[in-house]
1. At R0 = 25 Å, how high is the FRET efficiency between Asn132 and Glu85 if r is their beta carbon distance? Nearest 0.05 is fine.
2. Rounding to the nearest 10 and keeping the result within 0 to 90°, find how far the Cα-based axis of helix 61-72 lies from the longest principal axis of the chain.
3. Going toward the positive end of the dipole of the chain, with +1 on Lys and Arg Cβ and -1 on Asp and Glu Cβ, which of Ile43, Phe78, Phe215 do you reach last?
4. Quick one: P(r) of segment 91-240 from all Cα-Cα pairs, 5 Å bins, percents rounded to integers, in order of increasing distance.
5. Between Ile187, Ile166, Ile27, where does the largest GNM mean-square fluctuation fall for the chain, given springs only between Cα atoms within less than 10 Å?
6. Can you pull the percent of segment 55-194's accessible area that's carbon plus sulfur, 1.4 Å probe, other chains left in place?
7. Can you give the FRET efficiency to the nearest 0.05 for Glu74 and Lys146, using r as the Cβ-Cβ distance and R₀ = 45 Å?
8. Are any of the pairs Lys49/Lys247; Lys146/Lys181; Lys49/Lys178; Lys13/Lys86; Lys13/Lys181 more than 31 Å apart by Cα-Cα distance, and if so, which?
Amino acid sequence: MEQIDFLIRFPNKEMTAREYIGFCKIILKSLLNASSDFTTVGIWSQVKKANYNFDMNLTNFEETILKEMQIESEEYAFINENESEKNLMPDSRSYGNFAFSFAFSFNGDESREMGVSIWAGDSGNKETGILNFTFPEKTESSITLKKILPLLKINIDLVNPYYATISSFEFRKKANQKDDKFKIGWINYFSDKQTASLLPKDVSKEVLPNGGVIFWLSEERTVSTNETLVAKATEIRNILAKKGLLKYSQVKPMT
């Protein structure tokens, strides 16, 4: 079965390593608080050479993640107040996004982990922020619109994204053009306020208080072999492309 992933692109802002780690903690704690399905946040520890799980309060999170990032970034140079210092320090800034990956276990079962990768903090403001969720194979058959919509809304509230899409890579590739910055999938979010009025009448949607719109192609998950839904995604893609809505508007920093 095609693997479902969940991609969010949001306005970025410059961060120090300390601020980036704090930003990650806010996202992870919000997800833990939002669903009883998520019982553990863990990482693959370069320090311990083993899986490491935090408690529900994410105790010692900042110190632990900084040490892990320092090991992972030994070959990279960072921006420090002391220009001769190139190593990653708490107040270092990055030429690109900082990045780190975490895993949520479902009901304590580490064989059923949802991966969460977070990219943010680019000092040059050239890259968007990115959240990427990957779902374990053991749970993909149970991924439903009812379960995904609350997770999407939490993240919209957290990072005020430009765009989000949830589907398989194969579906997005088949339904969209290679150069599209935003691609239409099974479930989608667009922040541009004119999007809702442009969608075909037979497309299910929910307009949010911020003016953005969530829309979806079907109640059940899509696959690339469903030619009817691929055609519907392509139809939407063509409508939005004509209005220039498959690219970024002027970049606005996160607040």
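The values are calculated or read from the model by the stated rules, or taken from the named source; none is laboratory data. As the structure is a prediction and not an experimental result, all values here were calculated from the model. A quick note on method: Cβ atoms are made from the backbone with ideal geometry, for glycine too, and the neighbour counts reach across all protein chains shown. Heavy atoms of the whole protein, side chains included, go into the accessibility calculation; ligands, DNA and RNA do not. Shrake-Rupley method; radii C 1.70, N 1.55, O 1.52, S 1.80 Å.
1. It comes out at approximately 0.20.
2. The helix 61-72 is inclined about 90 degrees to the chain.
3. Selected residue: Phe215.
4. Reading the bins upward from 0: 2, 8, 16, 20, 20, 17, 11, 5, 2, 0, 0.
5. Answer for the Gaussian network model of the chain: Ile27.
6. 47
7. 0.55
8. Details: Lys49/Lys247 41 Å; Lys146/Lys181 27 Å; Lys49/Lys178 38 Å; Lys13/Lys86 21 Å; Lys13/Lys181 19 Å.
Distance filter (> 31 Å) returns Lys49/Lys247; Lys49/Lys178.
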